[in-house]
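Q: The structure follows.
The values are calculated or read from the model by the stated rules, or taken from the named source; none is laboratory data. Just so it is clear, the structure is predicted and the values come from calculations on it, not from any experiment. Glycine also receives a Cβ, built like all others from the backbone with ideal geometry; neighbour counts cover every protein chain displayed. Ligands, DNA and RNA are excluded from the accessible area calculation, which covers all protein heavy atoms including side chains. Shrake-Rupley method; radii C 1.70, N 1.55, O 1.52, S 1.80 Å.
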Amino acid sequence: MNVQTKTDAASSGSVKPVPITVAYGDGIGPEIMEASLRILEAAGAAIAPETIEIGESVYLKGNSAGIEPESWESLRQTGVFYKAPITTPQGGGYKSLNVTVRKSLGMFANVRPCAAMHPFIATKHPGMDVVIVRENEEDLYAGIEHRQTDEVYQCLKLFSRPGTERIVRYAFEYARANGRKKVTCFSKDNIMKLTDGLFHKVFDEVARDYPDLENEHWIIDIGAAKLAANPNQFDVIVMANLYGDILSDVAAEITGSVGLGSSANIGEYCSMFEAIHGSAPRRAGQNVANPTGLLLAGVQMMVHIGQPEVAEKVHNAWLKTIEDGIHTYDIFNEETSTRKVSTSAFADAVIERLGQRPSTLPAQTYEKDKKGPAVPLAVRPRPQKKDLVGIDVFVHWAGQDPDELAGKLKAVDYPDYLELKMITNRGTKVWPSGQPETFKTDHWRCRYMFAETGNRGMVAELITRLARAGIDFIKTEHLYNFDGEPGYSLGQGQ
Ligand code: NAD
């Protein structure tokens, strides 16, 4: 198995402080970061924070990425980023800092634990304890979008085999390192047979390397419904980027509050730890925000840098504080709260309880000397025999009758090694013999197949002839077989 483990950095006490990069962020960010660092340091965290400026002030200086060039150097050197939420200014032109940092530094895995704190924090699902492992770099979040015709816009959904294998393997490694029993995969491979199909297939392949763990696959729609209705049946769930983004918020919310959620963004070179909520600008500067999301991200960070005893101490002190009813406004309730406290008073209460364990809620253990999950390396697959068997030409055409379009295309004098086989509209076959009821836009996919295999010169020849005939093609896609297996989908109704 191709994995590397994070160095067994430290166990506090005699340990050299581990350099970490810290950003205080915007809105409530500075207050919750100050509270979280104070708790971690009081618990004996051996860390040497290095502060960088990111977010609103950097955006407003005209830097559309929200991060100064020199800050990258700090991240590269420490490899650990503890980040408070930032405010993304309204209006266009500003890129998501989170997506930029995650993708630029290869943080492929987003780990979001979602556990209920019943009866101390109201939830419909007492006992819920799910970890969502979300792929962080691929899928529709590649952000490759185009407007192609008057009517049609496209966003490319990209899945790679190395990226998929890596996230799935990380989910199994995480489950094993954390004493979890089962890994579930959610995908929509009944519809997207190549992209989601790859995710499911790789999941089944990787699962065979972990016979000690149960595994199962759910189609995402019913899986999501089950997660919302009966989350206790899940343990670790691995998902592609978009599904994971949406469902991890749902999962955090049904534990009681999205404000409690923490996340770790794990990579080979650098990892980032943050709350899942935003900068809550309306609460800024009032010393009322709940620092829990960021604090628990700090707990994940302490495990990551090899100081599990600090993680355990902080997590249990936090649980005891929650159990004692010392709550910030967002989780305050008449039944279980005893004191409504400010951000800083909440931090004081956690610090007072360092060394204590909860009595009702299950205590957390992060075993000393136990390695965290291995970070799998990206593995490139063996190249396969790739045969060009056809070409899809996408045409912008304002007409409505597919027979008329087919007639225009057939009138083009193209080489005899190519044949027009099918026209689809929004993926549904409309020629030959389509259904008259099918709604048609101005975006037509015209599929040509080679009599035998083709080459790029033949494609260029077709395109040249279509251009000469005045056909408004706006994009082409090659159709390949890989080791004889079609690497393209059929038209719906084909
Ligand atoms: P938000 O998460 O900041 O706030 C949503 C609601 O939750 C608000 O009512 C807020 O008061 C409450 N809330 C959030 N965190 C809380 C906490 N710790 N304690 C108590 N209450 C809390 O979401 P939003 O209002 O949609 O976004 C505000 C800004 O945050 C935007 O600029 C957005 O772009 C940014 N944002 C940043 C991140 C990040 O940096 N990771 C993530 C999400 C949103």
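Q: Using a simple spin-label model with points 7 Å from Cα along the Cα→Cβ vector, what separation in nm is obtained for ASP472 and ALA378?
A: Using points 7 Å along Cα→Cβ, the separation is 3.8 nm.
Q: Moving on to the next point. At 1.4 Å probe size, with the rest of the protein present, what percent of the exposed accessible area of segment 3-376 is carbon and sulfur atoms?
A: Carbon-and-sulfur percentage of accessible area, whole number: 50.
Q: As a test, work out the antiparallel percent of DSSP beta bridges whose residues both lie in segment 176-311, rounded to the nearest 5.
A: Percentage antiparallel, nearest 5: 30.
Q: Then there's this: So which of LYS440/LYS475; LYS95/LYS193; LYS95/LYS201 end up more than 26 Å apart by C-alpha?
A: Checking Cα-Cα distances, LYS95/LYS193; LYS95/LYS201 exceed 26 Å.
Q: About the Cα centre of the chain, what is the dipole size in debye to 20, counting +1 per Lys and Arg Cβ and -1 per Asp and Glu Cβ, all else neutral?
A: 440
Q: In degrees from 0 to 90, rounded to the nearest 10, what is the angle of the helix 308-323 Cα long axis to the longest principal axis of the chain?
A: Around 80 degrees separate the two axes.
Q: Please work out how much accessible surface GLU70 shows to a 1.4 Å probe, ignoring ligands, DNA and RNA, in Å² rounded to 10.
A: Surface accessible to solvent at GLU70 totals approximately 130 Å².
Q: Another one. Of LYS181/LYS313; LYS226/LYS429; LYS188/LYS429; LYS124/LYS181, which pairs sit farther than 28 Å apart, going by alpha carbon to alpha carbon?
A: LYS226/LYS429
Q: Next question. Relative to the first principal axis of the alpha-carbon coordinates of the chain, what is the inclination of helix 402-411, with its axis defined by its Cα atoms, in degrees from 0 to 90 and to the nearest 10?
A: It is inclined by approximately 60 degrees.
Q: Which net charge results for the neighbourhood of PHE108, defined as the other residues with beta-carbon distances under 11 angstrom from its beta-carbon, given Lys and Arg at +1 and Asp and Glu at -1?
A: For residues surrounding PHE108, the net value is 0.
Q: While we're looking at this one, here's another question. Take the Cβ-Cβ distance between ASN232 and ALA122 as r, set R0 to 25 Å, and report the resulting FRET efficiency rounded to the nearest 0.05. Please report the intermediate quantities before stating the final value.
A: Numbers: r = 17 Å, r/R0 = 0.67.
With a Förster radius of 25 Å, E is 0.90.
Q: Extension gain ALA460-LYS385, at 0.36 nm per residue separation less the Cα-Cα distance, in nm? If you can, show how the numbers build up before the last one.
A: Values: separation 75, 0.36 × 75 = 27.00 nm, distance 2.17 nm.
Using 0.36 nm per residue and subtracting the Cα-Cα distance, I get 24.8 nm.
Q: Quickly rank 309-320, 347-358 as a protection proxy: mean count of other C-beta atoms within 10 Å, highest first.
A: By packing density, highest mean first, the sequence is 309-320, 347-358.
Q: Using a simple spin-label model with points 7 Å from Cα along the Cα→Cβ vector, what separation in nm is obtained for LYS201 and TYR269?
A: 3.0
Q: Taking only protein heavy atoms and a 1.4 Å probe, what accessible area per residue, in Å², does the chain have with all protein chains in place?
A: Values: 22040 Å² over 494 residues.
I get 45 Å² per residue for this part.
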